[in-house]
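Written out below as structure tokens is the structure these notes cover.
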Amino acid sequence: MEVMKVLHMNKGDGETSYANNSAVQGKIITTAKPVIEEAILGILCETFPESIGIADLGCSSGPNSLLVISEIIDIIHAKCRNLGRPSPEFRVSLNDLPGNDFNSIFESLPAFFKKQKQEKGIGFGRCYISGVAGSFYDRLFPDKSLHFVHSSSSLHWLSQAKTVATKKLKEKLVRFCGEIKIRKVPPALETNATPAALNKGKIYISKSSPQCVLDAYSLQFQNNFLIFLKSRAAEMVAGGRMVLSLMGRRSIDPTTEESCYQWELLAQALMSLVTERLIEEEKLDSFNAPYYAPCPEELKMAIQKEGSFIIDRLGHFEIDWDGGVEELTNTTLLPLSRGQRVAKTVRAVVESMFELHFGKAMMDLLFARYAEMVDDYLSKNRAKYINLVISIIKKDN
Ligand SMILES: C[S@@+](CC[C@H](N)C(=O)[O-])C[C@H]1O[C@@H](n2cnc3c(N)ncnc32)[C@H](O)[C@@H]1O
């Protein structure tokens, strides 16, 4: 499965849309704001560009896309006001995969600009916002054009669901394997078999997954993240900063519940449909979530290996699976059970991929089952996502 072609958040503003079901991701953005602020002020301490290049990678659509940009402009504007100097010109790029609902972002721009003009006197003529369709696992921007890069809730998506053992990749893996103390290349990769064939009844890493599945996922992440860093290194100015927040885990062990149990329950919901012969077992076995929740050491290792960035800050915070009830006052989600809210959040993100693989007709039933299973799990467990936040600085060349 090539993620570039199939992944997009649910479009529009309907009941199952990402726009209406992204409060959890919105809370992640707000929680990481102090790190964003520290990074931007760090840039402005060193240099005060007249025109500042900003990119949000994996912007999606809905309220969060412009929330980040508004926060960034606020921080820069407040600093300029303190210093008694005019705000720079803002060159803002919103990036996502080509299937993203860019139209709905563009449609909300007039209201966004009106608000910026009223509150800060910044409108067209000082702030240029464009959409950039493409994968962040590739070059997206001209050389040395960006001062600040942000990405939230996006980098845990891999570029593909299975790792294909090309000769070049195998050589890379052998080098990595030495470094992360895996004694040999994972058999899944050696034989060209997909991790799925070895991960029966599961759609992501699970307690029962063989070691080679864990290794294949980790190596795919390392490979993707290295390309990501290399691409941004070329696009950013020296002293430029990047704040990335993504799903992750605290432990080195990738099978802990905090990093994979949401997928475990989704696999159980799918399995219940297999038992009822509504989905073929083979369909379940051949689906691998193109997702990976890394630990801080994996981020550090890739950054050190790539070599263009200094780590300024690396931390984590917890987020409730349903984002926390306090966020939901005034939303239509409040009357729902916690399981139903979690299911709606997850559905808005994964439905495009699931629909393609398991069929559109199964979606309502699948996510209803999932909601019940999540409710049951939450009645006995304290379920939190772990969100890693890293702030890095581009070295002088
Ligand atoms: C869960 S959404 C997060 C959106 C937004 N940043 C937020 O916090 O609400 C993840 C986004 O990452 C995008 N994405 C995933 N892989 C990508 C890639 N390789 N290049 C660009 N965008 C990607 C998805 O299309 C999706 O819109």
E38: net charge of surrounding residues, Cβ under 11 Å, Lys/Arg +1, Asp/Glu -1, itself excluded? +1
Per its Cα gyration tensor (rounded if a/c is under 1.5, else prolate when a/b beats b/c, else oblate), segment 1-157 is best filed as prolate
For the pair L336/I310, report the inter-label distance in nm, with labels modelled 7 Å from Cα in the Cβ direction. 4.5
Relative to the first principal axis of the alpha-carbon coordinates of the chain, what is the inclination of helix 102-120, with its axis defined by its Cα atoms, in degrees from 0 to 90 and to the nearest 10? 40
Below 13 angstrom from the Cβ of A267, what's the summed charge of the other residues (Lys, Arg +1; Asp, Glu -1)? +2
Compute the long axis of helix 63-83 from its Cα atoms, compare it with the longest principal axis of the Cα atoms of the chain, and write down the angle in degrees, 0 to 90, nearest 10. 30
D (µm²/s, integer) via Stokes-Einstein for segment 223-302, Kirkwood Rh across alpha-carbon pairs, 20 °C, 1.002 mPa s: value 138
Within segment 57-87, what residues put their amide N at less than 20 Å from the label point 7 Å along the Cα-to-Cβ vector of C45? 72-85
Rounded, prolate or oblate (a/c below 1.5 giving rounded, otherwise prolate when a/b exceeds b/c) for segment 80-164 by Cα gyration tensor: prolate
Give the calculated FRET efficiency between C80 and T16 to the nearest 0.05, with a Förster radius of 41 Å applied to their Cβ-Cβ distance. 0.50
Tell me, what is the per residue accessible area of segment 193-291 in Å², probe radius 1.4 Å? 33
Where a ≥ b ≥ c are root eigenvalues of the Cα gyration tensor, a/c under 1.5 meaning rounded, otherwise prolate if a/b exceeds b/c and oblate otherwise, the chain counts as oblate
Rounded to the nearest 500, the 222 nm mean residue ellipticity computed for the chain from DSSP H runs (n ≥ 4, each -39500 (n - 2.57)) alone is -15000 deg cm²/dmol
If one builds a Gaussian network model of the chain from Cα atoms under 10 Å apart, the most fluctuating residue listed among L229, L146, L67 is L67
Which angle between 0 and 90 degrees, to the nearest 10, do you get for helix 338-358 versus the longest principal axis of the chain when only C-alpha atoms count? 80
Do any GluC sites (Glu not before Pro) in segment 1-98 lie in a loop, going by DSSP, with at most 14 other beta-carbon atoms within 10 Å of their beta carbon, and if so which? E15, E50
Grab the other residues whose beta carbon is less than 14 angstrom from that of S87, score K and R as +1, D and E as -1, and report the net. +3
Tail fraction, Cα-Cα pairs, segment 250-362, threshold 17 Å, whole percent: 68
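The values are calculated or read from the model by the stated rules, or taken from the named source; none is laboratory data. Because the structure is a prediction, the values reported are computed rather than measured. When we count neighbours, we look across all protein chains shown, and the Cβ atoms used for this are built from the backbone with ideal geometry, even at glycine. SASA here: full protein model, heavy atoms, side chains in, ligands and nucleic acids out. Shrake-Rupley method; radii C 1.70, N 1.55, O 1.52, S 1.80 Å.
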